Every structure is written in structure tokens, then in C-alpha cells.
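Notes to accompany the following structure.
Every number in this text was worked out from the coordinates using simple rules, so none of it is lab data. Quantities reported herein were computed from a predicted structural model and do not represent experimental measurements. All Cβ positions, glycine included, derive from the backbone under ideal geometry; neighbour counts span all protein chains shown.
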Amino acid sequence: MRSLLSALALSLLIPVAHADRPLFTEDAEVEDRGECELESHVGRKWSEGQRSRERELELDCGVGWRSELGLSLSHSHDGAERNTLAGLQGKTRLNGDEDGNGPQLSLSWVLQRDERALLGVLSQPLAADWTLHANLGYRRSEDRGAAAWALALEHRVTSGLDLMGEVFVDDQDRNPWLQVGARWALRPSRLFVDTSWGRQTGSGARVLTLGLKLAF
């Protein structure tokens, strides 16, 4: 049963992580009209002796009206079981200026096969080079629904390096995930590489990811 709960948590939380990698927690930033980001990542998960792998490709573009739309394609491989999912997601900024000064609020949604999610998103600048991100919303996977929340702290160490830590959970599983990550700018504002490592409290499930992002 514990192994099953861990697998359910992984299937609920990880594939719909359409945030600014490597964070699971969504941020309130929205792409400007005509600006796009192409993100890809590979991941490996461990849960009580079981291993699985995943790959994901995501494209998000600004469409105007302070909104962006995106498409995603993910593939997971867990032993003999393979699963491919296509998804549609979007985000609309509700307030805040274009430069991200002051608190920003956004509404984010995700549609996948047997998957729905609606999140309220807050990004709050703190001291210089520190930003707090918070999410609160509802996710439904097949016949399982759950309120979910996430909280992340992001720090700009240098102009080319960001470090971050986060915690996220849903009210069905009740075992929070703790995750740390880093993002490097190989080409400022254009090309990034990132990595993350997370662990679920109570179950020992772990996930490691490596990603690449191109902005154009």
C-alpha cells in the first residue's frame, strides 16, 4: 500500500510540473506576446526499490492579453509499463507590472488525459535577488482529486546562476516533497541548463532531473 501511495503521488505531482524549471512550484511570470520558451528534461525516480524514467518536452508562448499557452509531451517508463501523455496548459497574469516589480498574481491551468489542474500563483520579490513563489489550487487525476499547495524560495547568486528550494504536497497523500535545484545560464536570457533533486518525506521516494531551456 505504501508503495502504491508513493507511485500515485509521483504520477499526480511530477508529470504536471509545468513551472520554470527546475522548480515544481509555478511562478507568476508570463511570456510576452511572441516570446517563447522550449524546455526539455529527463528524470529518474526511485520508490521502495522500484525505478522509473521520464522525458518531457514543453513549448510555451506568449499570446497577448497577459497570457501564455503551451503544449507538452511526456513519456514515462516504469518496468514493462510505458506511458505517453500530451498536454495543454496556460497561464494568465492578473496583476503586477511587466518588469516583475512587486507581488504578482497569476492563474495557471493544465489539461492532460485523465488530468486536470487549476492553480492560483503568487510571486513576491523579497530582499535583493530573493523571490518567494506560492501555489494553491486543485488537481484531479482520473477519479482522484486533491487540493495542493507549493512554496519555493529562489535566489539569484550571480547573473548566470540561480539556486532554489521548495516544498509541495496535496491533501490526499499528506507526505510533502522537499526539493532543491539549480539553474545555469549558458547564454544570458536565451539558453539554460538545470538540475533538481527531491525526496518525499515519509516514503523515501526520490527524483533526480536534468533539463535544458531555450528562450526565443
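Looking only at region 51-74, count how many residues are surrounded by 14 or more Cβ atoms within 10 Å (Cβ to Cβ) and either over 26 Å from SER106 (Cβ atoms) or among the basic types (Lys, Arg) (or both).
Within region 51-74, residues that are surrounded by 14 or more Cβ atoms within 10 Å (Cβ to Cβ) and either over 26 Å from SER106 (Cβ atoms) or among the basic types (Lys, Arg) (or both) number 3.
For the list (1) surrounded by fewer than 17 Cβ atoms within 10 Å (Cβ to Cβ); (2) assigned to a strand (DSSP E or B); (3) polar (S, T, N, Q), I need the number of the one condition that SER189 fails.
(2)
Please enumerate the residues belonging to region 157-174 that are within 16 Å of ARG199 (Cβ to Cβ) and touching a helix residue (DSSP H, G or I) at 6+ places or on another chain (Cβ under 7 Å).
The answer is PHE168, ASP173.
Among (1) in contact with a Ser or Thr (Cβ under 6 Å, 6 or more places away or on another chain); (2) part of a loop (DSSP other than H, G, I, E, B), there is one condition GLU31 misses while meeting the rest; what is its number?
(1)
May I ask you to list the residues in region 89-112 that are within 18 Å of the chain's Cα centre (by Cα) and in contact (Cβ under 8 Å) with a residue 24 or more places away in the chain?
Correct list: GLN89, LYS91, THR92, ARG93, GLN104, LEU105, SER106, SER108, VAL110, LEU111, GLN112.
In region 34-50, what residues are touching a residue at least 12 places away in the same chain (Cβ under 8 Å), among the small types (Gly, Ala, Ser) and either part of a loop (DSSP other than H, G, I, E, B) or closer than 17 Å to SER72 by Cβ (or both)?
GLY34, SER40, GLY43
Output the residues belonging to region 199-216 that are of a type in the set (Ser, Thr, Tyr) and buried (at least 19 other Cβ atoms within 10 Å of the Cβ).
Listed by number, the residues that qualify are SER203, THR209.
Answer yes or no as to whether LEU161 is aliphatic (A, V, I, L, M), in contact with a Lys or Arg (Cβ under 8 Å, 6 or more places away or on another chain) and free of Cβ contacts under 8 Å to residues at least 24 places away in the same chain.
no
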